[in-house]
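What follows is a short report on a single structure.
Laboratory data are not the source of any read-out in this text; all were calculated from the coordinates shown. Model, not experiment: these values are computed from the prediction. Note that we place each Cβ from the backbone using ideal geometry, even for glycine, and neighbour counts take in every protein chain shown.
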Amino acid sequence: MKDFSSNKEGESSYKMLHFSYKECHSSPKKVLIIYPNEKVVEQYILEESRKFAIPKIYNEKDVFNSNVFLEFEIKMSDIFPEP
């Protein structure tokens with residue numbers, strides 16, 4: 001997993017995580033871009049055509065589901081708690 005972060009002044013900050021597997025030769029199969037200030041997560045999944053599908057977008061009211069670990073789910077409200 002690699003972590004790329006942005007925190008430029010005047011811009012929305014985000015955290016981008018990408019997961020790679022040995023069999024894909026370091027190409028990401030899934031990319032998560034997390035916008036903590038906006039409480040939003042974008043999930044990009046690589047299709048067999050080697051292009052990323054339209055992202056799934058989650059906000060603090062949603063439940064995140066993994067396409068890798070099918071039983072894994074997490075409430076986004078647990079990640080983005082109310083202040």
task = Show the residues, 5+ positions off or on another chain, whose built amide H is closer than 5 Å to the amide H of Val40.
result = Tyr35
query = In nm, what is the difference between 0.36 nm times the number of residues separating Glu73 and Ile57 and their Cα-Cα distance?
reply = 4.3 nm
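Assuming 0.36 nm per residue, please report the length gained on full extension of the stretch Ser66 to Glu47 beyond their Cα-Cα distance.
Details: separation 19, 0.36 × 19 = 6.84 nm, distance 1.49 nm.
Using 0.36 nm per residue and subtracting the Cα-Cα distance, I get 5.4 nm.
If you keep only loop residues by DSSP, which GluC sites (Glu not before Pro) in segment 43-83 have at most 11 other Cβ atoms within 10 Å of their Cβ?
Answer in residue order: Glu47, Glu48, Glu71.
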